Amino acid sequence: MINYFLVAVGAATGGVLRYWLSDVAHRIFQTTFPIGTLAVNVIGSFLIGIFIYYFDSNELISTSMKILLTIGFCGGFTTFSSFSFETLELFRNSEYLLGIGNILLNVFLTIAALVLAIIIAKALTRG
């Protein structure tokens, strides 16, 4: 039962932070491109990489903390459903290049952020 509570707390925190960051990005960049969603997906992918490939791999966090940070926080922070909706809306509004760009950037940058996290985790483990 405690694991469900940890997921709920992490997801609530991640969701609030996602909303705040997306709002800030929208106000700063004032564009139809969903930069806030891209930012949270890239940051979230990087964070889950650090949480799993550094902290968990080096046994620096408990199983409970791993659940809170990965399933809870990162699950609430990243937003694939919003990504899908926003991409479809770009296409529906005939913003085809932005839609394709959104797909490519979200896929490649989130994977790149995860690879970067693994590289950093390995470097920190050696040092």
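The values are calculated or read from the model by the stated rules, or taken from the named source; none is laboratory data. Everything numeric here is computed off the predicted structure, so don't read it as measured data. Don't worry about glycine lacking a Cβ; one is built from the backbone with ideal geometry, like all the others, and counts go over all protein chains shown.
What residue, of Leu38, Leu6, is in contact (Cβ under 8 Å) with a residue 60 or more places away in the chain and more than 17 Å from the chain's Cα centre (by Cα)?
Leu6
Residues being surrounded by 13 or more Cβ atoms within 10 Å (Cβ to Cβ) and over 13 Å from Thr37 (Cα atoms): count how many of those fall in segment 81-98.
Final tally of qualifying residues: 5.
In segment 80-127, what count of residues is obtained for those that are part of a loop (DSSP other than H, G, I, E, B) and out of contact with any Asp or Glu (no Cβ under 9 Å at 6 or more places or on another chain)? Outline the logic, then answer.
Quick first cut of segment 80-127, residues part of a loop (DSSP other than H, G, I, E, B) only: 93-95, 127.
Narrowing further to those that are out of contact with any Asp or Glu (no Cβ under 9 Å at 6 or more places or on another chain): 93-94, 127.
So the count comes out to 3.
Condition first: exposed (fewer than 15 other Cβ atoms within 10 Å of the Cβ), modelled with pLDDT of 95 or more, under 20 Å from Gly14 (Cβ atoms) and among the small types (Gly, Ala, Ser). Can you find one or more residues in segment 61-72 that meet it?
Filtering segment 61-72 for residues exposed (fewer than 15 other Cβ atoms within 10 Å of the Cβ) gives 62-64.
When the remaining residues are screened for being modelled with pLDDT of 95 or more, the result is 62-64.
Still in the list and also under 20 Å from Gly14 (Cβ atoms): 62-64.
Within this subset, residues satisfying the condition of being among the small types (Gly, Ala, Ser) are 62, 64.
The answer is yes; a qualifying residue exists.
Only one of these is at negative phi, polar (S, T, N, Q), touching a residue at least 40 places away in the same chain (Cβ under 8 Å) and out of contact with any helix residue (DSSP H, G or I) (no Cβ under 6 Å at 6 or more places or on another chain): Thr125, Thr110. Name it. Walk me through how you get there before you give the answer.
Numbers: Thr110 fails: out of contact with any helix residue (DSSP H, G or I) (no Cβ under 6 Å at 6 or more places or on another chain).
Answer to the check: Thr125.
Are any residues in segment 24-60 over 23 Å from Lys122 (Cα atoms), surrounded by 21 or more Cβ atoms within 10 Å (Cβ to Cβ) and of a type in the set (S, T, N, Q), and if so, which ones?
The one that is over 23 Å from Lys122 (Cα atoms), surrounded by 21 or more Cβ atoms within 10 Å (Cβ to Cβ) and of a type in the set (S, T, N, Q): Thr37.
Mind checking which pairs have a first residue in segment 78-102 that is over 20 Å from Val40 (Cβ atoms) and at pLDDT 95 or above and a second that is surrounded by 14 or more Cβ atoms within 10 Å (Cβ to Cβ) and of a type outside the set (A, V, I, L, M), Cβ under 7 Å, 6 or more apart or different chains?
Between residues of segment 78-102 that are over 20 Å from Val40 (Cβ atoms) and at pLDDT 95 or above and residues that are surrounded by 14 or more Cβ atoms within 10 Å (Cβ to Cβ) and of a type outside the set (A, V, I, L, M), the close pairs are Phe91/Gly99.
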